[in-house]
1. Just a yes or no: is a residue in the stretch 12-24 modelled with pLDDT under 95 and either at positive phi or not in a helix (DSSP H, G or I) (or both)?
2. Looking at the structure I just gave you, is residue 80 under 19 Å from residue 119 (Cα atoms) and touching a helix residue (DSSP H, G or I) at 6+ places or on another chain (Cβ under 9 Å)?
3. Take the residues in the stretch 30-76 that are within 13 Å of the chain's Cα centre (by Cα) and over 20 Å from residue 86 (Cα atoms); name whichever of them is modelled with the lowest pLDDT.
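The values are calculated or read from the model by the stated rules, or taken from the named source; none is laboratory data. Note that the structure is predicted; figures quoted are calculated from it, not measured. Note that each Cβ is placed from the backbone with ideal geometry, even for glycine, and that neighbours are counted across all protein chains shown.
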């Protein structure tokens with residue numbers, strides 16, 4: 001039997017309101033940054049076109065589009081295999097002579113890989 005408390009029971013009731021106030025403040029800051037980013041991207045035709053092209057793909061939202069635009073600025077000039085290697089989703093082999101090792105993914109840009117993973121999970125969830 002677990003003695004773990006629910007999050008709402010873990011803190012005294014008198015700290016709920018200050019915590020909610022802090023969370024609301026953070027949300028307002030994030031919303032403001034999102035608006036500034038949207039305004040900046042809309043003001044530059046090349047960025048707006050890249051964003052719109054990325055958003056036209058199923059499962060791609062603003063977060064993934066902006067991460068790809070910032071972390072892979074040469075995205076349109078690279079081939080698929082180059083992009084996969086940069087992101088770190090190509091399988092690497094550990095072979096030597098007749099020895100066949102396990103395949104694994106490594107390297108690449110972790111931030112992009114993390115956002116891609118969350119986007120794929122979300123797309124799978126909402127496409128069912």
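1. Yes; the residues of the stretch 12-24 include at least one that is modelled with pLDDT under 95 and either at positive phi or not in a helix (DSSP H, G or I) (or both).
2. no
3. 59
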